[in-house]
Amino acid sequence: MIRLYDTPVWLVNGRDLYTDPLEMQHKTGLTPDRKAAEEATMAWSILAAHNTSGDMENLRLRFDSMTSHDITYVGIIQTARASGMTRFPLPYVLTNCHNSLCAVGGTINEDDHKFALSAAVKYGGIYVPANLANIHSYNRETMAGCGRMILGSDSHTRYGAIGTMAVGEGGGELAKQLVGRTYDFRRPGVVAVYLKGKPRPGVGPHDVALSIVGAVYKNGYVKNKVMEFVGPGIAELSMEYRNAVDVMTTETTCWSSIWETDEKTREYLTLHGRPEAFSPLHPGELAYYDGCIEVDLSAVECAIALPMHPSNVFSIRELKANAADILHEAEEAANRQLKGVRMDLMSKLQPDGSIRVEQGEIAGCAGGTYENILAAADILRGRSCGNGAFSLSVYPGSMPALAQLLRNGAAADLVSAGVILRECFCGPCFGAGDCPANGELSIRHTTRNFPNREGSKPGEGQLAAVALMDARSIAATAANGGRLTAATELEVDYTEPDYRYDGGIYEKRVYNGWGRPEPEHGLRFGPNIKDWPQMPALTEDLLVKLCAYIDDPVTTTDELIPSGETSAYRSNPERLSEFALSRRCPDYVPRSKEVRAMERARVAEGKLSEEVLSVCVDLRQAGIPVDPLHTDLGSAIYANMPGDGSAREQAASCQRVMGGSANFARQYATKRYRSNCINWGMTPFLVEDPSVFALGDWVFIPGLRSAVLENREGIDAYAVKADGTVTPFKVSIGPLTEPERQILAEGCLINYYRAGGGEK
């Protein structure tokens with residue numbers, strides 16, 4: 001079904017793969033010129049068109065447009081305002097699809113929406129009102145085009161199937177674009193995703209996507225690389241099928257994605273009123289790739305990703321045949337990660353061997369596409385979800401898609417079967433909508449099933465579980481009364497009604513001020529919208545206390561800052577920071593507050609706590625000079641591999657607001673989380689042996705500012721334990737661009753721009 005090549009590959013005429021360049025040359029007559037073949041990839045051509053550095057190894061990118069939703073745009077605009085922004089220099093789409101439940105937290109969600117509308121008027125932006133479309137559906141329908149690049153502050157910013165290289169990043173990277181700076185990045189490697197064959201009826205895009213994620217996530221095969229989709233199998237997939245596969249490339253930890261375009265792409269863009277956005281994209285006659293994922297679409301089976309990660313993938317057939325063993329193993333793995341509460345999956349196994357689930361969700365940028373919902377309607381037409389514990393909710397991705405479902409009767413078929421048809425809302429993807437009851441198992445065609453993505457609160461004894469599945473198998477399970485069922489187990493007559501896109505729905509409601517800023521228009525602030533607190537510059541020496549020590553294999557951004565109802569406070573940095581690591585390390589915030597109080601006393605009054613004075617005595621007795629009155633004090637966390645998942649900058653900014661100065665890790669799960677740390681002035685240390693320190697230890701790094709500015713590879717550090725033991729060890733930071741070095745030295749991105757940093 002899926003084959004990972006352990007060598008680079010050469011692709012000839014977009015169809016034939018070779019691993020041996022000499023064999024390729026013998027059979028085709030083509031010269032294996034690696035440099036020329038690298039430049040023949042689609043990724044190279046698009047990056048070259050957007051690079052301003054003149055050096056393709058060190059990119060400085062400018063994007064064609066940007067997009068944010070209502071968890072992230074306030075912080076981005078506030079950062080850009082503080083950094084000198086006077087207008088939006090590129091089209092910037094502000095959607096309202098995450099915090100559209102306006103009863104949560106009083107008026108604060110709708111206050112943010114009105115802030116965004118006022119910002120769109122003042123700075124010349126595009127404002128999409130709540131419940132009209134999710135962020136990625138809107139951008140697919142109106143902004144993506146062949147050869148373009150889009151930057152978004154949502155991790156699932158992926159429009160590769162439409163020929164757009166899209167990148168999900170933290171808010172700091174979007175703020176850079178808003179003040180005329182560039183996105184700086186070393187040229188990424190490119191991995192071919194070679195599609196062949198044709199999916200069987202009932203096998204949907206989530207089945208294909210989950211199978212790929214399961215094959216490449218844990219081994220890091222495409223980490224921070226571009227996934228370039230090629231091969232004859234592309235022609236067998238509709239555009240919406242491609243879109244729904246593409247959006248899940250984020251879960252592989254790749255940096256971006258791009259697909260070949262064809263007549264179906266042209267028809268899609270023409271249907272959406274933008275025929276000029278089409279151009280053919282194909283690799284050249286001979287293209288070189290750093291690796292290859294070969295996918296036989298005809299062999300893909302209906303799949304399920306068990307809790308608590310999209311890579312925990314099995315075929316539904318395999319799960320049902322070995323339910324006791326697989327569920328037990330998944331339950332044990334989850335409970336090794338969970339703290340203070342236990343997941344119960346074995347109770348879902350029934351005496352007759354079936355697996356019971358209590359909830360189904362088809363939603364968001366992955367599940368809520370027109371074709372996914374239409375397929376669910378085909379399966380449920382004339383059937384019933386039943387009147388027991390099982391329920392099914394469907395959230396269309398956009399109102400134009402819903403309008404067509406209403407016109408062709410599919411919406412009525414769903415409602416008649418007992419489905420609850422909802423608004424365009426991303427809540428089920430991040431724990432802000434349809435939270436199951438304690439102990440329940442929810443199957444979802446959404447993007448993630450991380451811990452608490454369904455909204456439960458383990459710290460309060462609440463825990464539900466999420467498994468990811470395709471909309472077709474979710475509908476089949478609904479038709480079977482909540483007994484887990486693969487769509488291929490049912491005989492279904494799948495229909496293909498024409499899709500008529502009504503762009504007038506957006507014209508009537510979306511405010512489009514691009515190119516027409518009104519500088520005199522005032523911003524509308526709600527009582528929960530606060531400015532960023534002042535961040536200190538980096539001192540020459542740094543002394544930090546380990547306030548969290550996490551030895552899990554991976555730490556997600558949802559654990560660093562929980563999603564769900566906490567996001568209601570995303571426009572209030574101080575308030576939101578109270579939730580940092582709250583579901584993973586509840587003591588992190590009080591510990592960090594103690595250190596923050598010590599630092600504030602040092603800065604304001606020159607006073608040092610007894611604890612800090614004792615640490616300094618221990619260092620001096622070990623022969624290490626330290627000047628505590630001129631040494632920044634901060635908190636820090638250690639995690640093996642932090643930052644998997646969301647692009648939300650709050651995963652880093654909340655630590656910084658809470659007094660964080662550094663992170664220690666063996667490696668960082670994603671570039672975007674590491675970038676978030678840098679943009680908020682937290683040094684992203686790498687450490688080979690984390691056993692040198694423990695929770696509660698202090699770490700002293702002398703000469704850090706100089707080391708950062710000089711981009712030194714190895715930096716001396718000293719761990720100080722409560723008993724006075726001092727252990728020397730080495731840390732590193734990894735490669736830093738010149739702006740990144742200056743940002744860390746200044747203390748954060750805002751300080752950097754206030755100091756006049758960076759070239760426009």
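Just so you know, all these numbers are worked out from the coordinates, no wet-lab data involved. Model, not experiment: these values are computed from the prediction. For neighbour counting, all protein chains shown are included, and Cβ atoms are generated from backbone atoms with ideal geometry for every residue, glycine included.
What the table shows:
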item	result
Reachable lysines, given that their alpha-carbon falls under 29 Å from the alpha-carbon of residue 27 and they are not under 8 places away in the same chain	35, 196, 198
Within-15-Å neighbourhood charge of residue 584 [Cβ basis; K, R +1; D, E -1]	-2
DSSP-assigned coil residues among trypsin sites (Lys or Arg not before Pro) in segment 428-532, each with at most 15 further Cβ atoms within 10 Å	500
For residue 286, net neighbour charge (Lys/Arg +1, Asp/Glu -1) across residues whose Cβ lies under 11 Å away	-4
Spin-label zone in segment 573-605 - amide nitrogen under 20 Å from a point set 7 Å from the Cα of residue 336 along the C-beta vector	584-585
P(r) weight above 11 Å for segment 720-760, C-alpha pairs, percent	71
Cut-off 15 Å, label 7 Å out along Cα→Cβ of residue 16, residues of segment 26-68 by amide N	26-32
Extended-chain gain in nm, criterion 0.36 nm per residue less alpha-carbon gap, residue 218 and residue 597	132.5 nm
Gain on full stretching of the segment that runs from residue 716 to residue 495 - 0.36 nm per residue minus C-alpha separation	73.0 nm
In nm, spacing of pseudo-spin labels at residue 521 and residue 285 (7 Å Cα→C-beta vector)	5.3
Kirkwood hydrodynamic radius of the chain, Cα pairs, Å	26.6
Estimated inter-spin distance, residue 271 and residue 200, nm [label 7 Å along Cα→Cβ]	2.7
Residues in segment 716-760 that a label on residue 624 would reach, taking backbone N under 15 Å of a point 7 Å out along Cα→Cβ	716-732
Cα-derived Rg to Rh of segment 63-183, Kirkwood definition	0.95
Chain lengthening between residue 52 and residue 738 when straightened (0.36 nm per residue, less Cα-Cα)	245.4 nm
Residue 617-residue 511 pseudo-label distance in nm [points 7 Å out on the Cα-to-Cβ vector]	6.1
